[in-house]
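*Asks:* Take a look at this one; I'll ask things after.
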Amino acid sequence: MILFTIILMDLLTGMEFDLFVPSFPELQDHFQLTAFFVELSLSVNFIGYCISLFVVGELADRYGRKPIILLGLLIFIFGSVLCLFSISYYFILAGRFFQGIGIAAPSILSFLIIADLYPIKKQQFLMTMLNASMNSAVAFAPVIGSYITKYLHWHGNFIILLLMGLIIFVMTLFFIPNVQLTHKKSIENLLGYKTIFKSNVVVLLMVYFMIMYVPYWIFVGMSPLLYMKDLSVRLTHFGYYQGSLALTFALGSLLFGFIIHRYDHKKMLKLAIQIFIFSFLCIMLVAFQYNSNPLFITLAFVPFVIGQIIPSNVLYPLYLNLMPESKGRLTALIQGGRLVFASIGLQIAGYFYQGSFFNIGIMISSVIFFVIIMMILVLKRWNIINGT
């Protein structure tokens with residue numbers, strides 16, 4: 001029941017970001033919004049998430065995971081109620097902000113429960129399973145959200161999120177143990193986040209993870225307007241395009257979990273670089289051809305999603321265990337930085353969006369180029385990261 005509850009937390013985290021994305025065109029028409037303001041519903045959610053992360057990480061390292069998760073779920077439930085009964089778009093923005101604040105706790109602490117209870121090799125396997133479950137939710141969320149929007153309109157998506165929040169709150173209350181942290185006293189003497197930045201290797205991995213997820217969020221945030229408004233993809237079909245990317249990551253993580261300890265991790269990371277380079281070339285080709293086929297655009301992005309699987313599951317547990325007494329802070333910094341970069345990227349993409357994939361493709365390709373550079377720098381520090 002512990003693992004099942006954690007999986008449900010990850011499902012909620014995956015769906016919280018993507019379930020209502022298919023309703024963007026309806027929101028835009030209903031409230032007479034520009035693309036910039038539509039994307040703002042994602043950005044304010046990211047901002048709330050980011051602000052909450054640093055508090056969550058600090059409190060979780062001091063007082064344990066369970067009480068902070070419960071508090072976060074209560075805030076998420078409040079935000080969902082605010083969105084559901086909103087009388088203007090500003091109420092939706094406020095609700096999305098509180099949803100972001102609340103979802104931060106179950107999002108980052110679900111992984112830390114695994115890190116607290118299991119050794120490093122077991123952590124890597126279980127995290128591939130959690131990544132698979134989370135991204136399965138991300139995969140099916142746009143599909144489910146499309147049909148909910150069609151029949152229940154944009155309100156229906158917030159009903160689903162509210163019900164899930166309530167169910168997971170009850171399950172967390174009864175099934176998640178309140179683990180006593182053996183290093184609690186040493187944490188009291190740490191100077192907060194300042195200690196983390198003294199390690200160049202930790203900072204390198206942190207920045208890498210912040211940047212690696214940005215291309216995906218730019219694609220997710222802009223694809224509803226691109227596909228449905230400008231490429232004439234039907235609402236009920238849109239979810240399959242976007243969901244296929246997350247499903248690729250989910251299935252890849254599931255399969256990778258069974259081979260992660262059979263092959264040399266450094267060689268796997270080198271393979272990931274090659275996949276990223278191939279993805280960079282594919283996206284640039286589609287962008288400069290001004291291709292308006294949604295299938296080709298989606299296929300061009302698939303290699304990047306596949307390339308993310310290896311570093312996500314190999315490097316993340318190693319990153320957390322570089323400073324085991326500060327796992328909450330380490331997780332908060334990655335998640336917060338990732339969403340800051342994603343929010344900036346989304347708003348820039350929304351500002352320069354002109355109804356085609358060209359500007360989006362150039363922006364995504366530019367970020368992938370930096371991901372490749374950072375990955376090379378990570379490999380140069382591999383012996384320190386791997387503890388060899």
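Here, each number is a calculation from the coordinates, and none is a lab measurement. On a predicted model such as this, the values are computed, not experimentally measured, just so you know. No Cβ is skipped: glycine too gets one built from the backbone with ideal geometry, and neighbour counts run over all protein chains shown.
*Asks:* Can I get the semi-axes of segment 236-388's equivalent ellipsoid? Compute them from the C-alpha gyration tensor as square roots of 5 times the eigenvalues, in angstrom, largest first.
*Replies:* Equivalent ellipsoid of segment 236-388: 29, 18, 15 Å, largest first.
*Asks:* Something else: Going through the DSSP H helices of the chain, which span 20 Å or more along their own axis at the Cα atoms while scoring at least 1.6 as a mean Kyte-Doolittle hydropathy?
*Replies:* 66-84, 265-288, 357-380
*Asks:* Cβ neighbours within 10 Å, averaged per peptide: list 100-106, 41-47 in order, most packed at the top.
*Replies:* Peptide ranking by packing, descending: 100-106, 41-47.
*Asks:* R0 = 51 Å: FRET efficiency of residue 88 with residue 382, Cβ-based, nearest 0.05?
*Replies:* 0.45
*Asks:* How would you classify segment 301-347 from its alpha-carbon gyration tensor, with a ≥ b ≥ c the square roots of the eigenvalues: rounded for a/c under 1.5, else prolate if a/b is greater than b/c, otherwise oblate?
*Replies:* oblate
*Asks:* Principal axis lengths of segment 202-285 from Cα atoms, whole Å, largest first?
*Replies:* So the three principal-axis extents are 45, 28, 26 Å.
*Asks:* For the cross-link pairs 150/229; 66/266; 198/380; 198/327; 122/194, which exceed 25 Å when the distance is taken from alpha carbon to alpha carbon?
*Replies:* Violating the 25 Å limit, Cα to Cα: 66/266; 122/194.
*Asks:* What is the distance in Å between the Cα centroid of segment 270-310 and that of segment 77-107?
*Replies:* Between the Cα centre of segment 270-310 and that of segment 77-107, the gap is 33 Å.
*Asks:* Further question on the same structure: Two decimals is fine: what's Rg over Rh for segment 1-105, C-alpha atoms, Kirkwood radius as Rh?
*Replies:* 1.02
*Asks:* What number do you get for the chain when its Cα radius of gyration is normalised by 2.2 N^0.38 Å, N = residues?
*Replies:* 0.94
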